[in-house]
Amino acid sequence: MIEINNVSKWYGQFQVLTDCSTQITKGDVVVVCGPSGSGKSTLIKCVNGLEAFQQGAIAVNGTSVGDPKTNLPKLRAHVGMVFQHFELFPHMSITENLAIGQTKVLGRSKEEAHERGLKLLDRVGLRSQADKFPGQLSGGQQQRVAIARALAMDPICMLFDEPTSALDPEMINEVLDVMVELANEGMTMMVVSHEMGFARKVADRVIFMDHGHIVEDATKEEFFGTPRSERAQQFLSKILSH
Amino acid sequence: MNYHWNWGIFFEQVKAGEETYLDWLITGFGWTVAVALSAWVIALLCGGIIGTLRTTPHRGLAFFATCWVELFRNVPLLVQMLLWFFVVPELLPRDLSLWVKQDMPAKEFVTAVLCLGLFTSARIAEQVRAGVQSLPNGQRMAGLAIGFTLPQTYRYVILPMAFRIIIPPLTSEFMNVFKNSSVAFAIGVLELTFQARQMQEDSEQGIEAYLAVTVLYFICAFIANRGMAFIEKRSRVPGFIATAK
């Protein structure tokens, strides 16, 4: 589903990604973790072309992301993305947030988009908030709406860029619950996160990044059992010690 | 002060005609409003486009927009007015130049509107740019991630918020366009300032004339201000801090 081959990226002289390669097959849930500045957010943004890369290749469902001939908007329409800071559109009501992509990009009718939006709101438990605006919801609620907004486009896979790191602790679980459910339904997911509990529960593989390198790319059992690199061991001992 | 006050002057007839001085002022008021509103339409349109272009990743377009802003912002409005009126027609191709100088209808008015509109557009462009840049980059990414093209992202995501954010400086600009329209008198538009001067020369009651015009400008700007405040209130986003009262 997602193939990342020898991707390197520079910001000017500074190299943020070095020779990153991995594959995510259909139905897989892959959690990407690593210290801040390790390039994990940059890597996930390369997958749907929000960030450009200078070397290597990324293909989503067989379509090359780096190819200048690729119709990126069309590709992105089917790759759901959830951001750290939710990024709902503040001037639109919740239902409008869910409908706008469906009507303007997928060409669905307003009624159809509205219906689909309400169904997804039901699913993330926010039907009662349908007519509010993003600024009137809590962070956890906003992030659940953001997930519903991505799902409204019927994505073939979902990218999560630190979906819980801007949330108060008590709101993290409501978002993770939605993600777990999604994972259990067989959605292909790439999740940048430090939520090791989530990784243990639903991940098929865990990727550990450091200084722009993919240091570790292992099954969940291997990773939490005996991560091979010293750096990953250090990282795990730091975030799992409490 | 040895001045002969005569507030009744407005109802007296002008020296060479049937109308009263009040009629002159009313005509002037009409031209002022016409110049200001027409220029405002041009300014909003061009300013919105140019300001947007300055924030796009396309370097050529951004450079063009920067040149636009620098050109119209760095030359005094009065000089621009004279340039448009006396110099630009000379630079046009011969036939067009002749047409502009001899046959163009409402030549002074059209020139003043164009000049004031473009001058103001440079200022609005800067405000639009600031508004766009004040939004988190994540908004642009969220728009693109949903499958919008860049123009769609601007249309549905970025500009609706940017314009809401810049309503306060836009309010000042809308008031400025009324006040700046007075410069149009220099090329002979029969607006308020022109009429006040004409009344001063014709009646020798200059103080009354200029005071009356002052009040009329004040009223224009005041209404403009209240109108924008109304729009600001109407376009407020519930739960959004930056526009909350």
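Under 8 Å for C-alpha pairs, at least 6 residues apart: give me the relative contact order for chain A, rounded to a whole percent.
Relative CO of chain A lands at 27 percent.
Counting only heavy atoms of the protein chains, get the accessible area per residue of region A:122-205 (1.4 Å probe) and round it to a whole Å² value.
Normalised by residue count, the accessible surface of region A:122-205 is 37 Å².
Where the accessible area of chain B is counted over protein heavy atoms with a 1.4 Å probe, how much of it, in %, is carbon and sulfur? List each step's numbers first, then the result.
On the way: 8290 of 12570 Å².
Carbon plus sulfur share of accessible area: 66 percent.
Tally up the carbon and sulfur contribution to the accessible surface of chain A as a whole percent, 1.4 Å probe, everything protein left in place. Show your work: numbers first, answer last.
Numbers: 4820 of 10410 Å².
On chain A, the fraction of accessible area on carbon and sulfur atoms equals 46 percent.
Charges at C-beta only: +1 for Lys and Arg, -1 for Asp and Glu. How large is the resulting dipole of region A:64-159 about its Cα centre, in Debye rounded to 20?
100 debye
Quote the total accessible area buried by chains A and B together, excluding ligands, DNA and RNA, probe 1.4 Å, nearest 100 Å².
Numbers: alone 11350 and 13570 Å², together 22970 Å².
It comes to approximately 1900 Å² buried between A and B.
Pick out which of B:Gly47, B:Gly206, B:Gly131 has the largest mean-square fluctuation in a Gaussian network model of chain B, springs linking Cα atoms closer than 10 Å.
Highest fluctuation of the listed residues: B:Gly206.
Between B:Ala106 and B:His58, what is the spin-label point distance in nm, taking each point 7 Å from the Cα along the Cα→C-beta axis?
3.2 nm
Once you have all Cα-Cα distances for the protein assembly as shown, histogram them in 10 Å bins from zero and send the whole-percent values.
4, 16, 21, 18, 14, 11, 8, 5, 2, 1, 0
Mind listing the long-range amide H neighbours of A:Val16? Cut-off is under 5 Å, sequence gap 5 or more, other chains count too, H placed in the peptide plane at 1.01 Å from N.
Placed amide hydrogens put A:Lys9, A:Trp10, A:Tyr11 under 5 Å from A:Val16.
Using 30 Å as the Cα-Cα cut-off, could you pick out the over-long pairs in A:Lys132/B:Lys179; A:Lys104/A:Lys220; A:Lys40/B:Lys233; A:Lys104/B:Lys233; B:Lys101/B:Lys179?
A:Lys132/B:Lys179; A:Lys104/A:Lys220; A:Lys40/B:Lys233
Helix-derived [θ] at 222 nm for chain B: sum -39500 (n - 2.57) over DSSP H runs of at least 4, divide by residue count, nearest 500?
Only helices count here, giving -22500 deg cm²/dmol.
Quick one, what does Rg over Rh come out to for chain B if you take C-alpha atoms and the Kirkwood Rh?
1.07
Going by Cα centres, region B:8-60 and region A:76-130 are how many Å apart?
Each part's Cα centre sits 44 Å from the other's.
Rg/Rh for chain A: what does it come to with C-alpha atoms and Rh from Kirkwood?
Rounded to two decimals, Rg over Rh is 0.97.
With a cut-off of 8 Å between alpha carbons and a minimum separation of six or more residues, what is the relative contact order of chain B in percent? Let's see the in-between values first.
Details: 283 pairs, mean separation 67.7, N = 245.
RCO, chain B: 28 percent.
If you plug each phi of region A:22-34 into the Karplus form 6.51 cos²θ - 1.76 cosθ + 1.60 with θ = phi - 60°, what whole-Hz ³J(HN,Hα) values come out, in order, with x for Gly and Pro?
Residue by residue, region A:22-34 yields 6, 10, 10, 8, 4, x, 7, 10, 10, 9, 10, 10, x Hz.
Taking chymotrypsin sites (Phe, Trp or Tyr not before Pro) as exposed when DSSP calls them loop (any state but H, G, I, E, B) and at most 10 other Cβ atoms lie within 10 Å, what is the longest stretch of chain B free of them, the sites themselves excluded?
Working: sites that count: B:Tyr3, B:Trp5.
Looking at chain B, B:6-245 is the longest stretch - no exposed chymotrypsin sites (Phe, Trp or Tyr not before Pro) with at most 10 other Cβ atoms within 10 Å.
Please give the charge dipole size of the protein assembly as shown, origin at the Cα centre, charges +1 on K and R Cβ atoms and -1 on D and E Cβ atoms. Round to the nearest 20 debye.
Roughly 580 debye, rounded to the nearest 20.
Can you give me the convex hull volume of the Cα atoms of region A:42-121, divided per residue and expressed in Å³?
Per residue, the Cα convex hull of region A:42-121 comes to 117 Å³.
Accessible area per residue of region B:27-195 at 1.4 Å probe, in Å²?
Dividing the accessible area of region B:27-195 by its residue count gives 44 Å².
If you look at just the Cα atoms of region A:113-192, how large are its Rg and its Dmax in Å?
12.1, 33
Out of residues 5 or more away from A:Arg108 or on other chains, whose amide H comes under 5 Å of its own, with H placed 1.01 Å from N in the peptide plane?
A:Thr103
The values are calculated or read from the model by the stated rules, or taken from the named source; none is laboratory data. These numbers were taken from a predicted model, which means no experiment stands behind them. So basically every Cβ, Gly included, is an ideal-geometry build from the backbone, and we count neighbours across all protein chains shown. When the accessible area is computed, the model is the full protein with side chains, heavy atoms only, and any ligands, DNA or RNA have been set aside. Shrake-Rupley method; radii C 1.70, N 1.55, O 1.52, S 1.80 Å.
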